[in-house]
1. Working carefully through the options 133, 149, find the one that is over 12 Å from residue 210 (Cβ atoms), in contact with a Phe, Trp or Tyr (Cβ under 6 Å, 6 or more places away or on another chain) and at pLDDT 95 or above.
2. With respect to the numbered conditions (1) modelled with pLDDT of 95 or more; (2) open to solvent by 40 Å² or more (accessible area, probe 1.4 Å); (3) under 19 Å from residue 49 (Cα atoms); (4) among the small types (Gly, Ala, Ser), which one is the sole condition not fulfilled by residue 124?
3. Out of all the residues in the stretch 79-104, which are part of a helix (DSSP H, G or I), farther than 21 Å from residue 490 by Cα and open to solvent by 10 Å² or more (accessible area, probe 1.4 Å)?
4. Which fully enclosed strands (runs of 3 or more DSSP E) of the stretch 126-236 have 2 or more residues being closer than 30 Å to residue 46 by Cβ and out of contact with any Asp or Glu (no Cβ under 8 Å at 6 or more places or on another chain)?
5. Can you tell me which residue is nearest to the chain's Cα centre (by Cα) among those in the stretch 603-657 that are more than 27 Å from residue 316 (Cβ to Cβ), buried (at least 24 other Cβ atoms within 10 Å of the Cβ) and of a type in the set (A, V, I, L, M)?
6. Taking the options 462, 471, name whichever one is modelled with pLDDT of 95 or more, open to solvent by less than 10 Å² (accessible area, probe 1.4 Å) and of a type outside the set (A, V, I, L, M, F, W, C).
7. For the structure I just gave you, tell me whether residue 520 is without any contact (Cβ under 8 Å) to a residue 12 or more places away in the chain, outside any loop (DSSP other than H, G, I, E, B) and either surrounded by 24 or more Cβ atoms within 10 Å (Cβ to Cβ) or out of contact with any helix residue (DSSP H, G or I) (no Cβ under 6 Å at 6 or more places or on another chain) (or both).
8. Just need a number here: residues in the stretch 479-489 that are farther than 13 Å from residue 110 by Cβ and either polar (S, T, N, Q) or crowded, with 23+ Cβ neighbours inside 10 Å (or both).
Amino acid sequence: MSTPVAVVLSELQLATLRRLVDTFAPEVAVDDDPTGFWGRKGSDLGVDLAIAEQLSSGAVPEEQVEGLRQLLEALQAQGFDEAPQEVREQLLHGFMDGDPAALAGLSALRALTFLLFYAIPDPATGRNPNWEAIGYPGPRAVPPTPEEAPKTIALTRPDADVLELTADVVVVGSGSGGGVIAGRLAQAGKDVVVLEAGGYYNEADFNQLELWAYQNLYRAGGLAQTAEGQIALMTGANLGGGSTINWTNCLRTYDWVREEWERDHGLEGLAGAEFDRHLDAVSARIGVTDACSDCNGPNQRVLDAAARLGIDGRAITRNADPDKYDADLAGLMGFGDVTGAKQGTLKTYLQDAADAGARFVVHCRVERVLMEGGRAAGVEGTYLDADGRVARVTVRAPQVVVAAGALDTPALLLRSGIGGPAAGDYLRLHPATAVNGIYDGAQQAWWGPPQSALSMEYADLTDGYGYLVETSHASPGVTGTSVPWESGAQHKADMARGPISSAMVFLIRDRGHGRVTVDAAGNPVHTYPFSDPLDVATFRHGLRTMALMHEAAGAHEVQSLHRKRQHWVRDAGESIEAFADRMAAAPLEPYEHATFSLHHMGSARMGRDPQTSVAGPFGELHDTPGVWIGDASAFPTASGTNPMLTTMALAHRTAEAIAAA
């Protein structure tokens, strides 16, 4: 299923890689195997070749490739290739327990193995052969033709090796923040150019395949993580940004967060009716509704548990068009919404901008902000499309909006030498994880919106910090990477219980923070020491709550995402309280637990003080007039809620300030 790769591993190293892949995902002897799942090895799907191809692609730094070579050679030296499955498993656990570098390398290879094993499609069928066994139906709709779903935003493409444009405003990024600002300013009569690092895709492209989505709609192929390896970072990189692939959860900013931002950081008007106006305006434009919040099994289990425990449980409102909404297809929206029901910026504010005459350049990575006389003068970047066409792009504009997302916005500022001492600091991530419950009946986690219910019971545990209880998207590849691996047989058995599994997730409002820096090549580096005592205590509280909620909802087994499997069985004699305490106390260090971040905030924050904030209270840089922060980087602290609506409302507010400048 893969193509021949350039030589980056020797034949012996490739042989060990194949053996390693087949140790993680082995052939397991069972009496009944109607789909061939148990007898299928990772190499049967070409997983080893696909990993080797990734290593040779240039996407993996050479020092990491060399580290993996050394790891494979160390396994060879221990007789790994010739050993039986059980001994190979013991060797891998010994390596991971004894050497942090080996733990990091083997964790990366294990994750790639399972991402591919459960998500790579057969070219002949377009389906992964393991899906039937794990209860995942896969794509369920033929995408509309380009004629049925035309792309209605015209693109500006270079016709030479240089593209030069002039505008009133250039907006870098097209997600929840940049999209709103582009739409509002274009409608106000400004000449707007939007530059987007990703491509332009719509319903005609959305084939509902997980790997295709990661490769085309997500930043870094969906594979980024913090420098420590502790937290996976997932965000959009396409026209529409995260609003094209998020789960349409429309939560308004907590009152106490709004009060904090106004009181402590100077964001005037945040605590009262003025910010309500912005929230109301964006909610109306993106069609926030409670009419498309059907509950699948996991969402219903959240509500069941809340009712049983006497805690908060409620429905989620979503930005969806009821006339296009299809519950059977909504569960695939993280791979692009084939129905067109999702009302992200692609369907709303970016379309408004296009209709008002804005110009759009996709596949354009902006490298620096131009300045003249100490103020904004435009941006420079590089256009590189899928066909390999390259062009230098320069947009001259007196107003520059940086809205590339909290992982990339500060890197652009740092490359440009602007933003002051706080540029890149105060990165917040809403660290999150899942705890899985096994139930008696079918849960159909792939049906209906990924999130339609939540609990806010623990949103304010300590001084405004706590966590939300929600659910997640059915993504077999990511699930495979997250399920603990003790043995090949155990991992397959856990995956095979997909039809009766429900995952509850929680995300914390983090008080601690990380930082974005740039390496020698100008690429962003994201450090985030997950060590703040309040954050760790909140996270452990969330783990404990998940166990209790699953038990209350009727689960007969509960399992966390720790490397060393934390597993509870109702009939085994251990009380749920004892298990909850045991699971909550388990290690959270890098590679010991699967922790995720889908919300990135604060790395170019607004505030009064130029020493501790990048921009003033309406988003304009303290040190560079005419440069504005237009995304969740501007959050003074973590919001504690899914940030789309807050990002849009702040952008709506900033757009008015730019228009009045």
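The values are calculated or read from the model by the stated rules, or taken from the named source; none is laboratory data. These numbers come from a predicted model, not from an experiment. No Cβ is skipped: glycine too gets one built from the backbone with ideal geometry, and neighbour counts run over all protein chains shown. SASA here: full protein model, heavy atoms, side chains in, ligands and nucleic acids out. Shrake-Rupley method; radii C 1.70, N 1.55, O 1.52, S 1.80 Å.
1. Checking each option against the conditions leaves just 133.
2. So residue 124 meets the others, but not (1).
3. 98, 100, 101, 104
4. Hits in the stretch 126-236: 231-233.
5. By that ranking, first place goes to 604.
6. Criteria check complete, one pass: 471.
7. no
8. 1
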